[in-house]
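This report concerns only the one structure given below.
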Amino acid sequence: MISINFTPIIILTVILTILLFLWFQLKLIPKKISPFVGIFVIVSVAIASGESLAQVTPNPPPLNNITSVPPSTTGDPNPATPSLLTLVAEPSNLGDFVNNETALLQLGKSLFWDMQLGSDGIQSCASCHFHAGADNRSKNQISPGLLASLKDITFQVGGGPNYQLSLADFPFHKLADPNDRSSTVISDVNDVTSSQGVFYSILNRTVPGQAADDVTSEPDPDGFQVNEINVRRVEPRNAPTVINTIFNKLQFWDGRAKETFNGVNISGAADSSAFIYKADRPNTLSRVQVTLNNSSLASLVTAPLLSPFETSADGRQLREIGTKFLSRASKKLNTLTPLGKQIVDPQDSVLGRESNSPQPGLKTNYDHLIKQAFKREWWNSNKIIQLNADGSQTILQQRAVGQTLPEDQFELRDWNFSLFSGLAIQKYISTLVANQTPFDKFQAGDTRALTTQEQRGLATFVTASNGTPTTPGTNGGGNCNTCHTIPEFTRASVRRTAGVSSTDLGNPLITNAANGFIPNYGVRPASDDPGAGDFTTSRFKIPSLRNVGLTAPYMHNGGMATLEQVVDFYNRGRGDDGGRNAALLGLSDAQKADLVAFLRNGLTDQRVLYEQAPFDHPQLFVPNGHPGDQFSAIPSNDTNGTPTATDQLLEIPAVGRNGVATPQNNFLE
């Protein structure tokens, strides 16, 4: 609550009255001084008022001091009074690689949004993360049970790919009574709502200066076809938001992107064969292994760029992406203009100064950004790395300018593209921090930041339920904070897991609750998708709930479309996987409505909603299904093998630092 102290205002009012009397009646104040008197009084009143408005009365307990939190751990020494959200550390040895973090950020944002990154010249990282860091598309967004113990490529929702989802399709585990997990099951499917990516194809080669790779289309092995026409593939897990992922210790639902970045792939210290090249002198190259801590996001970046579901033709390597983005030994070859297919707003908070608006792209190039961002020893060499058929490498002298390199030979900048892209995109994602929600303002002392209903919802969120499998909770709470721990709203955060054994060595036994992974949580049977576990025990990382009102559909399988469905699931004691050992919360309809209001509104950062800096972005065209439906598709003009369906592209306009006047629609709105 804001408290106003009127004393200084009264004093200044009296002074002003006396000064005015002296001026108008007695003429005792010289004319040269009188204007300054007015200015002095105005400024003084403003300062006094500002000081009084800055006096904040703390919120009453238990809301301001969240007391219903899990027991203290090494990573959470003061659980009763969680701090406000703050950034975690960058890699401690980042300076060994990076010269200029401003250029690193520009490189990272460009790569993240650039449609030329995909093998098709369309699919970017942002294609699955353009709406509040997530994906709000609803056509051709179904994936069958590809991760099941018995792989299932049948489409149970809609009967085939390219289907237009509706609210009636949700939840995927549908009960006659949503409040009673033992009621009649109306429908139950192992399909997943996720994000469409690329058509299935095999890489022939990447072409320097060409956005689309040279590929051959082949029949999709996982059923993404309509009448023998390939449609865009859909990932086998729901794509979570990238916003606030800087706070996660590990990345992906199964935690496979490790906290230590080895400069090459997602595996961290578990891959002892990962190495890059370093040029201590331009004419000398040496193989080196690198380790960057606090870098699970950099590890994550390396996987989607090679995924035959997300952005890549099958068989592509990161160094090959470098060959098409960067100039080769021949300076006569064209290079790809960053964001060359997309308009960048001149007011973009990171890229505005380099915008080529109203024309697409930036005024700079990727070579220049890499040379600005990274130290010379990681990109400056006159040697060539030849990749031999057996996987070994031979170091060769660089060819003369004007000669094109064979496909099996790479410059240092190409070979180290995994390092450049990982650290650069990590830098960009690390700036996507949503910490100005009504909840954050409330925690800082402004009791008006949350409505009365949202405050009741927060109380329900942090209050324990103490229920049993057969008896509803007696404390009237949802016990949500046990897993979605404040202030990150996830127990899988760096702060919560500090001091817990690292999973970099790949030990699945320590991908557990201490690292923010919950086993057999009741969403789907483990045989559908084990996550970080096996087919008897599923383990999935607890996601953050910040901006959860904008990031439907929910759960790792995208099987719930609304927050109401999520709350019903927890209230009835979970158990959609057939389990019967979860606590019943016993929340009333009013309590459920309060909890949903808090989640939907209290955790939404308005900068995210209105795409204001740092959440502004370049223009983007995202595939949005294909003309037709699950029973018909129109082939495109591609003649490189199996026919592919014609794309429907949805434009996401370029947005500058000030954001938009009208927010994007949410999922199925």
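Of everything in region 626-640, what is in a loop (DSSP other than H, G, I, E, B) and hydroxyl-bearing (Ser, Thr, Tyr)? Give them in sequence order.
If the condition is that a residue be in a loop (DSSP other than H, G, I, E, B) and hydroxyl-bearing (Ser, Thr, Tyr), then Ser636, Thr639 are the ones that fit.
Which of the following residues is among the hydroxyl-bearing types (Ser, Thr, Tyr), in a strand (DSSP E or B) and either touching a Ser or Thr at 6+ places or on another chain (Cβ under 7 Å) or farther than 21 Å from Gly641 by Cβ (or both): Ser149, Ser187?
One residue alone meets the criteria, Ser187.
Does region 615-623 contain any residue that is surrounded by fewer than 24 Cβ atoms within 10 Å (Cβ to Cβ) and on the phi > 0 side of the Ramachandran plot?
Within region 615-623 (the criterion being surrounded by fewer than 24 Cβ atoms within 10 Å (Cβ to Cβ) and on the phi > 0 side of the Ramachandran plot), the answer is no, since none of the residues qualifies.
Within the bounds of region 636-659, is there any residue that is within 25 Å of the chain's Cα centre (by Cα), of a type in the set (Ser, Thr, Tyr) and not assigned by TED's automatic domain parsing to the domain that holds Pro519?
Taking every residue of region 636-659 in turn, none turns out to be within 25 Å of the chain's Cα centre (by Cα), of a type in the set (Ser, Thr, Tyr) and not assigned by TED's automatic domain parsing to the domain that holds Pro519.
Given the condition at pLDDT 95 or above, farther than 25 Å from Thr206 by Cβ and among the aliphatic types (A, V, I, L, M), answer yes or no: does some residue in region 292-305 qualify?
Yes, the conditions are met somewhere in region 292-305.
Testing Ser110 on (1) under 30 Å from Thr604 (Cβ atoms); (2) part of a loop (DSSP other than H, G, I, E, B), one condition comes back false. Which one is that?
(2)
Consider only pairs whose beta carbons are under 9 Å apart and that are at least six residues apart or on different chains; among these, list those whose first residue lies in region 513-537 and is closer than 13 Å to Gly579 by Cα and whose second residue is of a type in the set (Lys, Arg) and at pLDDT below 95.
Final answer for the pair search is Pro519/Arg539; Asn520/Arg539; Tyr521/Arg539; Tyr521/Arg574; Gly522/Arg181; Gly522/Arg574; Val523/Arg574; Ala526/Arg539.
Of everything in region 570-624 that's assigned to a strand (DSSP E or B) and not aliphatic (A, V, I, L, M), which residue is nearest to Cys483 (Cα to Cα)?
If we take residues in region 570-624 being assigned to a strand (DSSP E or B) and not aliphatic (A, V, I, L, M), then His617 is nearest to Cys483 (Cα to Cα).
Please enumerate the residues belonging to region 119-146 that are more than 18 Å from the chain's Cα centre (by Cα), in a loop (DSSP other than H, G, I, E, B) and of a type in the set (Gly, Ala, Ser).
Ser119, Gly121, Ser138, Gly145
Asp220: of a type outside the set (Val, Ile, Thr), without any contact (Cβ under 8 Å) to a residue 12 or more places away in the chain and assigned to a loop (DSSP other than H, G, I, E, B), yes or no?
No, not satisfied.
Could you tell me how many of the residues in region 228-252 are part of a loop (DSSP other than H, G, I, E, B) and either under 18 Å from Val548 (Cβ atoms) or in the same structural domain as Leu297 (by TED's automatic domain parsing) (or both)?
Residues meeting the conditions: 11.
If a residue has to be among the charged types (D, E, K, R) and touching a Gly at 6+ places or on another chain (Cβ under 6 Å) to count, how many in region 237-284 make the cut?
The qualifying residues number 2.
Being outside any helix (DSSP H, G or I) and among the polar types (S, T, N, Q) is the filter; apply it to region 76-107 and report the residue that is modelled with the lowest pLDDT.
Asn78
Hey, any hits in region 162-178 for a residue that's crowded, with 18+ Cβ neighbours inside 10 Å, outside any helix (DSSP H, G or I), free of Cβ contacts under 8 Å to residues at least 60 places away in the same chain and of a type in the set (Lys, Arg)?
yes
Residues in region 453-462: is at least one surrounded by fewer than 24 Cβ atoms within 10 Å (Cβ to Cβ), part of a loop (DSSP other than H, G, I, E, B), modelled with pLDDT under 95 and not assigned by TED's automatic domain parsing to the domain that holds Ser296?
For region 453-462, residues surrounded by fewer than 24 Cβ atoms within 10 Å (Cβ to Cβ), part of a loop (DSSP other than H, G, I, E, B), modelled with pLDDT under 95 and not assigned by TED's automatic domain parsing to the domain that holds Ser296: absent.
Find all pairs meeting these conditions: Cβ atoms under 8 angstrom apart; at least six residues apart or on different chains; first residue within region 342-361 and closer than 17 Å to Phe621 by Cα; second residue at pLDDT 95 or above and basic (Lys, Arg).
Within 8 Å, the pairs are Pro360/Lys341; Gly361/Lys341.
The values are calculated or read from the model by the stated rules, or taken from the named source; none is laboratory data. Because the structure is predicted, anything quoted here is derived from the model rather than measured. Because the Cβ atoms are built from the backbone with ideal geometry, glycine has one as well, and the counts that use them run over all protein chains shown.
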